[in-house]
Amino acid sequence: MAGAKLTRADLMSAFWRHLFMIQCGWNYERMQNCGYCYMMLPILKKTRPDPEDFKEAFQTNLNFFNTNPFVGGPLIFGAHIALEEAGASLETTEGLKVGLMGPLAGVGDTLLWALYNSIIFSIGSVMALQGNILGPILTWLLVLIPYFAVRYWQFFWSYRQGANMIAQLGSGAIGRLTEAATLVGLIVVGGFAPSIVSLKTPLKWVRDVTIRGETVTQTISIQENLDAIMPYLLPVLVTGLAYYLLKKGWNPVRVIVVLLVIGFLGGALGIFG
Amino acid sequence: MNIVMGLILGAWAYYCVYDMLGPTFVMSFRPLLAGFGAGILVGDIQTGMQVGATLELMGLGVYTYGGATIPDYTVGAILGTYFGKTHGFETGLALAIPAALLLTQVDILNRFLNFIFAHRADRYAAEGDVKGFERMMVLFSHVIWGLSRGLPVFLAVAFGEGLVKAVSAFFEANPWFNKGLSVTGGILPALGFGMLLKIMPVEKYPAFLLLGFVLYAYLKIPLVGIALAAIAVALIYQQLKYRAKEA
């Protein structure tokens with residue numbers, strides 16, 4: 001069965017639905033399933049005129065789905081719509097969704113959260129702390145325009161590529177882009193972590209030494225000695241601790257409690273500050 | 001007056017959540033922009049920016065990867081801005097952190113309760129009821145999530161003044177408490193970086209992380225400079241790596 005030809009209006013309808021609702025109804029059980037199905041309905045109504053056929057597709061599109069809705073997600077949506085228009089079976093389109101949502105979520109999370117947002121939000125925050133109102137405004141503009149453009153572009157690019165997109169993904173181009181993004185992200189995080197995480201100790205070690213018969217009181221700052229070993233040693237250690245605990249499978253909220261105890265007791269007792 | 005402001009800020013919290021679920025025109029679930037928006041609404045942009053930016057730097061890199069629950073700095077920033085306006089920045093911030101942590105419990109509850117939508121959707125699909133499903137999506141699918149943040153903000157703003165006064169008096173009487181909080185604020189970003197590192201292949205490419213650290217800690221290069229250098233290094237790495245294949 002060859003599906004009906006989709007019009008520009010159908011595509012725009014799906015695009016707006018994805019834009020406004022993709023994560024609405026997000027639940028532990030099937031995550032983004034409701035938003036996904038809502039986006040696909042205008043398409044399915046066109047491609048599946050038979051009521052029973054439509055009902056089956058309606059139900060199938062409520063299966064588990066979760067990915068990064070900004071980078072990666074729209075590629076899946078566009079390709080799925082193209083396959084649907086070409087009359088692909090539900091097995092094929094489900095395979096596309098399940099096969100791509102994991103890897104593309106990894107790409108999106110790295111590119112957006114680790115790289116792009118870290119940069120725009122830290123710059124905006126530093127400006128805001130100086131009392132500069134342009135800080136948050138700049139950050140907002142760098143959200144509004146690129147986040148819209150990148151979703152629009154991926155959605156329609158991948159629709160035009162259709163089944164081709166999967167071949168493109170297989171060709172390694174996306175793999176190379178991911179690798180490059182990951183490397184940039186790692187370098188940036190390596191620099192960001194010590195610039196943002198701050199931990200210092202005011203402790204001093206005071207001792208009396210006798211030099212040529214005279215008693216001199218020497219004060220040795222622990223912090224200066226730590227800096228001589230390696231700058232930002234304490235921030236590196238505490239970041240390493242957080243990473244280690246998360247890697248062990250701790251959830252973020254438990255890790256925060258540990259950080260709160262260290263920071264609060266350390267600060268209140270004067271060990272850190 | 002408190003009730004009106006509670007409704008306004010509660011509505012802003014609701015929008016911040018909805019913005020994350022859908023359009024992301026503002027990305028106001030990030031504390032910088034949640035606080036900035038709250039600052040505009042309460043008429044104290046400076047406090048909004050200070051509270052929002054401080055929480056933003058604490059929560060840099062903290063995102064809900066795969067739907068994990070994280071501290072709710074969004075609500076923290078809104079409440080911190082509101083109470084910071086009258087009681088000062090320090091008190092606002094000191095309230096924001098516990099509020100952010102308390103709300104994590106609400107987040108888990110809300111994500112759980114949303115199963116209602118998945119199950120109702122199944123029913124609509126079985127009946128082929130497109131209209132019913134679409135009505136549920138447009139009108140209700142964001143309500144549990146939105147209220148889970150909007151309601152606590154409303155209650156805290158409308159009725160929390162007495163409690164906040166007591167807390168603020170306690171802070172003034174106990175300076176050590178503030179010292180503890182400020183050190184905590186300094187190390188909380190470690191969580192965000194830990195989470196970022198966890199989703200990145202650190203063990204496969206440790207040298208790149210080290211390079212970034214050296215550029216900042218020893219060479220004192222500003223962050224945008226590090227980002228540009230990082231792009232250069234990644235391009236060089238790939239040119240060398242794939243040269244053999246392309247030649």
Hey, which of the helices (runs of 4 or more DSSP H) in the range A:220-273, taking only ones fully inside, have at least 1 residues that are open to solvent by 20 Å² or more (accessible area, probe 1.4 Å), under 14 Å from A:VAL197 (Cα atoms) and touching a helix residue (DSSP H, G or I) at 6+ places or on another chain (Cβ under 8 Å)? A:233-247, A:252-269
Quickly run through the range B:194-214 and pick out the residues that are free of Cβ contacts under 8 Å to residues at least 12 places away in the same chain and not basic (Lys, Arg). B:GLY194, B:MET200, B:PRO201, B:VAL202, B:GLU203, B:TYR205, B:PRO206, B:ALA207, B:LEU210, B:PHE213, B:VAL214
Note down all Cβ pairs under 8 Å where the first residue falls in the range B:215-242 and is under 15 Å from A:GLY191 (Cα atoms), the second is assigned to a loop (DSSP other than H, G, I, E, B) and not aromatic (Phe, Trp, Tyr), and they're at least six residues apart or on different chains. B:LEU215/B:ILE221; B:ALA217/A:MET230; B:ALA217/A:PRO231; B:TYR218/A:PRO231; B:ALA229/B:ILE221
Within the range B:204-221, considering residues that are part of a loop (DSSP other than H, G, I, E, B) and open to solvent by less than 70 Å² (accessible area, probe 1.4 Å), the one nearest to A:GLU179 (Cα to Cα): B:TYR205
So, B:TYR237, is that one at the interface with chain A (Cβ under 7 Å from one of its Cβ atoms), modelled with pLDDT of 85 or more and over 30 Å from A:GLY102 (Cα atoms) or not? no
Given (1) more than 7 Å from chain A (Cβ to nearest Cβ); (2) open to solvent by less than 20 Å² (accessible area, probe 1.4 Å); (3) among the charged types (D, E, K, R), number of the condition B:ARG30 does not satisfy: (1)
Before we move on, is B:LEU41 of a type in the set (A, V, I, L, M, F, W, C), farther than 30 Å from A:VAL71 by Cα and either more than 10 Å from chain A (Cβ to nearest Cβ) or part of a helix (DSSP H, G or I) (or both)? yes
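Pick out the one residue from B:GLY59, B:GLY22, B:GLY84 that is more than 10 Å from chain A (Cβ to nearest Cβ) and open to solvent by less than 30 Å² (accessible area, probe 1.4 Å).
Working: B:GLY59 fails: more than 10 Å from chain A (Cβ to nearest Cβ); B:GLY22 fails: more than 10 Å from chain A (Cβ to nearest Cβ).
Result: B:GLY84 is the single residue among B:GLY59, B:GLY22, B:GLY84 that is more than 10 Å from chain A (Cβ to nearest Cβ) and open to solvent by less than 30 Å² (accessible area, probe 1.4 Å).
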Out of curiosity, is A:GLU29 free of Cβ contacts under 8 Å to residues at least 40 places away in the same chain, part of a loop (DSSP other than H, G, I, E, B), of a type in the set (Asp, Glu) and more than 24 Å from A:VAL150 (Cβ to Cβ)? yes
Verdict on B:ARG135 being within 24 Å of the chain's Cα centre (by Cα), among the charged types (D, E, K, R) and closer than 30 Å to B:ASP122 by Cα: no
Which of the numbered conditions does B:SER141 fail, given that it passes all the others? Conditions: (1) more than 8 Å from chain A (Cβ to nearest Cβ); (2) buried (at least 17 other Cβ atoms within 10 Å of the Cβ); (3) of a type outside the set (Asp, Glu). (1)
In the range A:238-267, which residue that is more than 7 Å from every other protein chain (Cβ to nearest Cβ) and β-branched (Val, Ile, Thr) is nearest to A:THR201 (Cα to Cα)? A:VAL261
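Within the range B:1-19, can you find the residues that are part of a helix (DSSP H, G or I) and open to solvent by 50 Å² or more (accessible area, probe 1.4 Å)?
Listed by number, the residues that qualify are B:ASN2, B:ILE3, B:VAL4, B:LEU7, B:ILE8, B:ALA11, B:TYR14, B:TYR15.
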If we keep only residues of the range A:26-73 that are under 18 Å from B:PHE140 (Cβ atoms) and under 18 Å from the mean Cα position of the chain (by Cα), then the residue surrounded by the fewest Cβ atoms within 10 Å (Cβ to Cβ) is A:MET31
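Among B:VAL164, B:VAL224, which is the only one that is open to solvent by 50 Å² or more (accessible area, probe 1.4 Å), of a type outside the set (Ser, Thr, Tyr) and closer than 30 Å to B:THR74 by Cβ? Talk me through it step by step, then tell me what you get.
On the way: B:VAL164 fails: open to solvent by 50 Å² or more (accessible area, probe 1.4 Å).
Of the residues listed, the single one that is open to solvent by 50 Å² or more (accessible area, probe 1.4 Å), of a type outside the set (Ser, Thr, Tyr) and closer than 30 Å to B:THR74 by Cβ is B:VAL224.
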Looking only at the range B:104-124, count every residue that is facing chain A (nearest Cβ under 8 Å) and either open to solvent by 80 Å² or more (accessible area, probe 1.4 Å) or at positive phi (or both) and tell me the total. 1
Suppose we keep only residues that are over 17 Å from A:LEU115 (Cβ atoms) and charged (D, E, K, R) within the range B:167-203. Which one would you say is most open to solvent (accessible area, probe 1.4 Å)? B:GLU172
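At the interface with chain A (Cβ under 7 Å from one of its Cβ atoms) and not hydrophobic (A, V, I, L, M, F, W, C), is that true of B:GLY146?
Against the criterion (at the interface with chain A (Cβ under 7 Å from one of its Cβ atoms) and not hydrophobic (A, V, I, L, M, F, W, C)), B:GLY146 does not qualify.
Those residues that are part of a loop (DSSP other than H, G, I, E, B) and either open to solvent by 80 Å² or more (accessible area, probe 1.4 Å) or touching a residue at least 40 places away in the same chain (Cβ under 8 Å) (or both), I need them from the range A:206-219; list them, please. Explain how you work it out, then say what you get.
Going residue by residue through the range A:206-219, those that are part of a loop (DSSP other than H, G, I, E, B) are A:212-213.
Once the filter is applied, which keeps residues that are part of a loop (DSSP other than H, G, I, E, B) and either open to solvent by 80 Å² or more (accessible area, probe 1.4 Å) or touching a residue at least 40 places away in the same chain (Cβ under 8 Å) (or both), the range A:206-219 yields only A:ARG212.
The values are calculated or read from the model by the stated rules, or taken from the named source; none is laboratory data. Here the structure is a predicted model, which is why all the values come from computation and not from measurement. Please note: Cβ atoms are built from the backbone with ideal geometry, for glycine as well, and neighbour counts cover all protein chains shown. For the accessible areas, the whole protein counts, side chains as well, though only heavy atoms, and no ligand, DNA or RNA atoms are used. Shrake-Rupley method; radii C 1.70, N 1.55, O 1.52, S 1.80 Å.
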